[in-house]
Structures are given as C-alpha cells and as structure tokens.
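Could you have a look at this structure, given as structure tokens, before my questions?
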Amino acid sequence: MTLDSNAANARRCQDRSGTYEAWYVTVNDPGQRRGYWFRYTTLHPAAGVPVDAHSALWAFAFDRDDPSANWGAKTLHPLPALRTESAPFALRLAGAVLSGDGCSGALDTERGGARWDLNWTSREPPFPFLRRRWQALSAVANIGAQPALTVSGTIEINGRMHRLEGAPGGQQHTWGSSHALSWNWAFASGPEFWVDGATSRVKSRLGRVLAGTAVGARAAQHPFLFNGPIQVLRNRGSISADGWNAQARLGDRVLSVSVKPRREDLIGVTYADPRGGSRFCYHTEVADLEMRLTRQRETLAHVTQRAGAAFEYASEFPLPGLPPLL
C-alpha cells in the first residue's frame with residue numbers, strides 16, 4: 001500500500017516519555033541563493049533526564065552571498081501546545097500551522113523575529129528512509145513526507161520581506177526514542193528532480209549501533225528508492241562536516257550524490273536527547289548539489305544545483321571553532 005502524506009505525517013509519539021518528534025520544512029531559492037528552514041518539534045524526556053518537556057517552534061534563514069545574514073531562533077512552549085489532526089493532517093503550535101498544502105507561523109525573540117506564510121503543491125509520494133515494516137529496527141525514524149514541493153508565499157526575517165514564487169522545497173517528519181549518534185542528511189528538489197537521504201549511526205531497539213545509508217531520488221522521470229533494510233545496512237558510507245557523498249546501486253543503475261556546504265554557511269543547534277545527553281547539529285540550506293544516475297556507461301540523469309541544497313552534519317560533539325547558535 002502506498003504511503004500518503006497524511007499517514008507519513010501522523011503523530012507517532014503521542015507525548016510518550018522518552019521520545020522526540022519533529023516536522024520540518026526546507027525551502028530553497030537558488031536564483032536568489034537563499035534558503036529557509038522551519039521546524040515544529042516536541043521533546044518528552046525520559047524519567048531522570050534533567051530537561052523540561054516542551055514543544056518548540058524554530059525558524060532559520062541562510063544567504064549564500066552574505067553569510068553574516070544567516071539567522072536562526074526558536075521559542076519554547078508547553079508540551080501540550082503542539083496539537084495534531086488527521087485526515088487531513090494538520091499541526092498547530094502557538095498560532096503556527098503545518099498542513100499538507102502549506103505552513104505558517106511567527107516567532108519573536110531577543111535575537112529577532114520571523115514570519116512565514118507559505119503554500120505549496122506536492123507532486124511525489126513520501127519516501128521512508130526505511131521501509132515501513134522495518135522502521136522499528138531503529139531508535140530513529142525518518143520520512144520524506146513530501147519530497148518534491150513547489151512553494152509560493154512570503155517569509156519575513158527581521159523586518160525584511162522575501163517573496164517566493166514556485167520555489168523548490170520539501171517537508172520531512174522524524175521521531176524516535178533517541179537521536180542518531182551521528183549523521184549526514186541532505187535534500188534538494190527542483191522542477192524535474194528530488195533527492196533525499198542520510199548516512200547515520202543509530203542505536204537499534206536492542207542497543208546495538210547500526211550504520212547505513214538510505215537515499216531516494218527521481219530525476220529525468222527515473223525513480224530510485226534505496227531503503228530496504230539490507231541495502232541500507234550494507235551501504236555504510238561516511239559522515240563528515242565537509243559534505244555528504246553517497247553512492248547506491250539498484251541492479252545495473254548507480255546513483256551518486258555529492259552535497260557540499262561552506263563552513264561559513266552552517267548554523268549549529270543543540271538537540272537535547274530524550275534519553276540524556278545532546279547532539280550538535282549543523283545545518284545549511286545553501287549547499288551545492290551534484291547528482292548523477294547511470295546505467296552501466298549510460299548517464300540517465302545529471303543534476304547540479306548551486307546554493308540550492310539542504311545539508312546537515314551532527315554528532316555528540318560540537319565542531320571546533322563553530323559553537324552552536326542555539
């Protein structure tokens with residue numbers, strides 16, 4: 001049965017102790033070399049973890065031509081403030097909304113403020129990073145709930161208005177009982193392609209550490225969905241703050257993906273883990289993408305997108321010389 005975006009976004013943790021959950025939207029404007037990242041999250045720590053349960057609203061902006069304008073902020077709210085509805089899916093948090101066809105919100109902090117009002121059309125079904133029946137293997141689950149969006153609307157950052165018309169974007173959903181120990185994640189989309197994937201080190205439900213790479217894409221009308229458990233675990237990959245390089249094989253086809261950030265475009269944030277400890281995540285929306293899909297010696301698709309890809313690096317330790325902003 002094909003997973004639809006309502007099912008992909010359905011709330012999984014239901015405020016259970018020892019869990020986190022996040023829904024987030026990435027929007028890139030390659031023509032203006034800018035990008036945006038909006039997150040709606042919950043954290044319900046396990047008993048004895050010295051962090052208060054809460055929900056949070058996050059907003060970030062990235063400017064490839066002026067890294068000094070890179071900005072991010074969040075506001076904290078009581079855990080029950082985040083509410084979800086199903087069929088159709090909708091999420092509400094402190095006046096902010098995320099649904100199947102758009103999102104909106106506002107936050108004001110000591111660091112400044114943001115307001116966004118976006119609508120979109122979605123043209124692709126969800127991409128689970130592990131096929132649904134195998135998601136319980138890991139303490140972490142990820143779904144590209146809407147991996148190919150065409151986004152329009154307005155975003156205001158610290159009083160400066162940005163208008164989008166047909167910009168590429170995507171919407172993701174992640175949850176679990178513990179964050180991955182380390183990971184690279186990357187995403188990009190455009191009028192005729194999308195790519196979404198990660199290399200991660202995660203704890204299994206039995207306590208073992210698992211490592212692997214999942215990646216999904218469509219380019220030049222060629223789908224490529226690499227998310228079977230044996231495929232993912234055999235493709236261990238590497239994790240680096242300098243970029244995500246992934247290669248996956250399905251039959252006689254090979255997908256190669258390279259997403260490279262500049263260090264000055266990364267914003268660091270701290271994620272409290274529901275089981276204790278922290279992860280330090282560095283994110284940008286203006287990395288460079290190169291993607292190639294081949295069949296033996298034939299190139300089926302070749303996509304490059306400068307300053308138009310999302311990239312993350314995260315681990316249990318902050319990057320030297322780059323302290324987290326939040």
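The values are calculated or read from the model by the stated rules, or taken from the named source; none is laboratory data. Keep in mind that what you see is a predicted model, and the values were worked out from it rather than measured. No Cβ is skipped: glycine too gets one built from the backbone with ideal geometry, and neighbour counts run over all protein chains shown. Keep in mind that these areas ignore ligands, DNA and RNA; they rest on the heavy atoms of the full protein, side chains included. Shrake-Rupley method; radii C 1.70, N 1.55, O 1.52, S 1.80 Å.
Just add up the charged neighbours of PRO223: K/R +1, D/E -1, any other residue whose Cβ is under 14 Å from the Cβ of PRO223.
Net charge in that neighbourhood comes out at +1.
I've got another one for you. When the accessible area of the chain is split by element with a 1.4 Å probe, what percent falls to carbon and sulfur?
49
How large is log10 I(q)/I(0) at q = 0.15, 0.22, 0.27 Å⁻¹ when the Debye formula is applied to the Cα atoms of segment 131-202, each weighted equally and without solvent?
Rounded to two decimals, the profile gives -0.66, -0.98, -1.19.
Between segment 54-128 and segment 201-246, what's the alpha-carbon centroid distance in Å?
For segment 54-128 versus segment 201-246, the Cα centre distance is 26 Å.
Tell me, what is the per residue accessible area of segment 126-263 in Å², probe radius 1.4 Å?
Each residue of segment 126-263 exposes 42 Å² on average to a 1.4 Å probe.
While we're here: Each residue of segment 236-248 in order: what ³J(HN,Hα) in whole Hz does its phi give by Karplus 6.51 cos²θ - 1.76 cosθ + 1.60, θ = phi - 60°, with x for Gly and Pro?
Running phi through 6.51 cos²θ - 1.76 cosθ + 1.60 with θ = phi - 60° gives 5, x, 10, 10, 8, 6, 8, x, 10, 10, 10, 9, 9 Hz.
Now for a different question. Show me, for segment 214-231, the HN-Hα J-couplings you get by feeding each phi into the Karplus relation (A = 6.51, B = -1.76, C = 1.60, θ = phi - 60°), rounded to Hz, glycine and proline as x.
The phi angles translate into 10, 7, x, 7, 9, 8, 6, 6, 9, x, 8, 10, 10, 8, x, x, 5, 4 Hz.
Given Cα pairs under 8 Å that are at least 6 residues apart, what percent is the relative contact order of segment 44-164?
16
When only C-alpha pairs under 8 Å and at least 6 residues apart count, what is the relative contact order of segment 14-114, in percent?
18
Here is a further query. If I compute mean projected area of the Cα convex hull in nm² from the structure I just sent, which labelled value in [x] 15.5; [y] 32.8; [z] 19.6 lines up?
Of the labelled values, this structure produces [x].
Quick check on segment 188-238: take the gyration tensor over C-alpha atoms, sort the square-rooted eigenvalues as a ≥ b ≥ c, and tell me if it's rounded (a/c under 1.5), prolate or oblate.
prolate
What does the highest-first list of 246-254, 181-189, 118-126 look like by mean Cβ count within 10 Å?
For the peptides 246-254, 181-189, 118-126, the packing ranking is 181-189, 118-126, 246-254.
Could you work out how far apart the two model spin labels at HIS302 and ASP15 are, taking each label as a point 7 Å from the Cα in the direction of the beta carbon, and quote it in nm?
5.5
Still on this structure: Within 10 Å, Cβ to Cβ, of THR150, how many net charges do the neighbouring residues add up to if Lys/Arg are +1 and Asp/Glu are -1?
Counting the neighbours of THR150, the net charge comes to 0.
Over all distinct alpha-carbon pairs, what is the Kirkwood Rh of segment 19-151 in angstrom?
Here the Kirkwood hydrodynamic radius works out to 16.4 Å.
Please sort by residue number the GluC sites (Glu not before Pro) in segment 281-326 whose DSSP state is loop and whose Cβ has at most 14 other Cβ atoms within 10 Å.
Taking segment 281-326 and a limit of 14 other Cβ atoms within 10 Å, the loop GluC sites (Glu not before Pro) found are GLU316.
Rounded, prolate or oblate: which one fits segment 216-315, using the alpha carbon gyration tensor with axes a ≥ b ≥ c (rounded when a/c is under 1.5, else prolate when a/b beats b/c, else oblate)?
oblate
Give the long-range amide H neighbours of ASN70: residues separated by 5 or more places, or on another chain, with amide H under 5 Å away, using H modelled in the peptide plane at 1.01 Å from N.
ASP63
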